[in-house]
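The values are calculated or read from the model by the stated rules, or taken from the named source; none is laboratory data. Computed from a predicted model, the values in this text were never measured in an experiment. Backbone-built Cβ (ideal geometry, glycine too); neighbour counts: all protein chains shown. Ligands, DNA and RNA are excluded from the accessible area calculation, which covers all protein heavy atoms including side chains. Shrake-Rupley method; radii C 1.70, N 1.55, O 1.52, S 1.80 Å.
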Amino acid sequence: MIKNIFKNKTFAQFSLVFTTAIWGITFIMVKEALNDAPPFAFSTLRFSIALFCTLILIIYQFKKFSKQEIYGGILCGILLHAGYAFQNYGLQLTSASKSAFITGTSILIVPFILWIFNNKKITLKTWLSIFIAIIGLFLLINPSGNNINIGDVITIGCSISFAGHIIVQDLYTKSHLSILRLFFIQLATVTILSFLSYIAIDNQQIIWSERLIIAIIITGILATFIAIGIMLWAQKLLSPTKTAIIFALEPVFAALYAWYTANEILPFLSCIGGLLIIYGVISVSINNK
């Protein structure tokens, strides 16, 4: 019975919506926690918790790691580390809602990467969808026509890194390897790189506040260990199109939660820009199914 549930595509879709909601609500949570801990320190703590939780599940499999799982996990981990580094530094300088919408554009960057490295053709419909999303991105990050927020620009680096992660992870999850072992190597890579970056770059002291501890626990267990685990499992069952469309809900959850908890309201043109980005993401996903 339980095995059948984990093979059910409808259950996988609802699980991904749950995952997307978790990621959405953590944007404002992380933004506030970064007042008490520097970005790389926060990532180290977050991924350490997720790594420990995964270690409990995988400790009996240590002799079974293949070279492909190790190499793939390290590569995915490097891209994941870069993505969260850009995202956390960007969050210090922009709003949680904007960060979520810009992060969501990673789906739009995937066709470009595949076009550059795999010479995969981009259709006219995809170009139009990307163009609409670019207009939306401009309206989102520069609604008043003034100087662009540097935090928004930094967050674009996050979306590029996550786009690379989507491609590489999809390549390895479609291979005959252990998803759990691939996941563990990713977490270990991000944890180690975050700790080394914290020692080399961060100079802010950690303030062990209640909001920091809560953010570390929620992002470490729910948003990383459980959510990324669900994503890896669901990608085995669902098409990239369905997965991307569900992920397009992430900035919506982020904006609604930021408005509810922090009274963070986007200007009207930014809201229009956000909607255009979501349209572009969904349209690109459908055109590239």
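Rounded to the nearest 20, the Cβ-based charge dipole of the stretch 1-77 about its Cα centre (Lys and Arg +1, Asp and Glu -1) stands at 480 debye. Projecting the Cα atoms of T261, I246, Y89 onto the charge dipole of the chain, computed from C-beta unit charges around the Cα centre, puts I246 farthest toward the positive end.
Going by accessible surface with a 1.4 Å probe and the largest first, K120, K98 read K120, K98.
Per-residue ellipticity at 222 nm, computed for the chain from helices alone with -39500 (n - 2.57) per DSSP H run of at least four residues, works out to -25000 deg cm²/dmol.
For the stretch 48-167, what is the charge dipole size about the Cα centre, in debye to the nearest 20, if Lys and Arg each add +1 at the Cβ and Asp and Glu each add -1 at the Cβ?
Values: 7 positive and 2 negative charges, 81 e Å.
The calculated dipole for the stretch 48-167 is roughly 400 debye.
Suppose R0 equals 25 Å; then what is the FRET efficiency for S209 and F14 from their Cβ-Cβ distance, rounded to the nearest 0.05? Mind dumping the intermediate values first?
Working: r = 34 Å, r/R0 = 1.36.
The computed FRET efficiency comes out at 0.15.
For the listed residue pairs K31/K242; K9/K236; K9/K242; K121/K236; K67/K174; K98/K174, the alpha carbons are over 21 angstrom apart in K31/K242; K121/K236; K98/K174. When the chain is treated as a Gaussian network with alpha carbon springs shorter than 10 Å, the biggest mean-square fluctuation among T20, T123, T224 belongs to T123.
Just tell me, in residue order, which DSSP H segments of the chain are both 30 angstrom or longer along the helix axis (alpha-carbon based) and at least 1.0 in mean Kyte-Doolittle hydropathy.
Working: long enough: 9-33 (35 Å, 0.98); 67-91 (35 Å, 0.42); 150-173 (34 Å, 1.13); 179-200 (31 Å, 1.86).
Flagged H segments are 150-173, 179-200.
For the stretch 197-289, applying the loop criterion from DSSP together with a ceiling of 15 other beta carbons within 10 Å to the chymotrypsin sites (Phe, Trp or Tyr not before Pro) yields W208.
Looking at the square roots a ≥ b ≥ c of the eigenvalues of the Cα gyration tensor of the stretch 149-289, which shape do they give, rounded for a/c under 1.5, prolate if a/b is larger than b/c, or oblate? Oblate is the answer for the stretch 149-289, as a/c is 1.5 or above yet b/c matches or exceeds a/b. What does the C-alpha gyration tensor say about the overall shape of the stretch 58-142? Classify as rounded when a/c is under 1.5, otherwise prolate if a/b is larger than b/c, or oblate. Oblate is the answer for the stretch 58-142, as a/c is 1.5 or above yet b/c matches or exceeds a/b. Label positions at S66 and I217, each projected 7 Å from the Cα along the C-beta direction, are separated by 3.9 nm. A Förster distance of 45 Å, applied to the separation of the beta-carbon atoms of F52 and I265, puts the FRET efficiency at 0.75.
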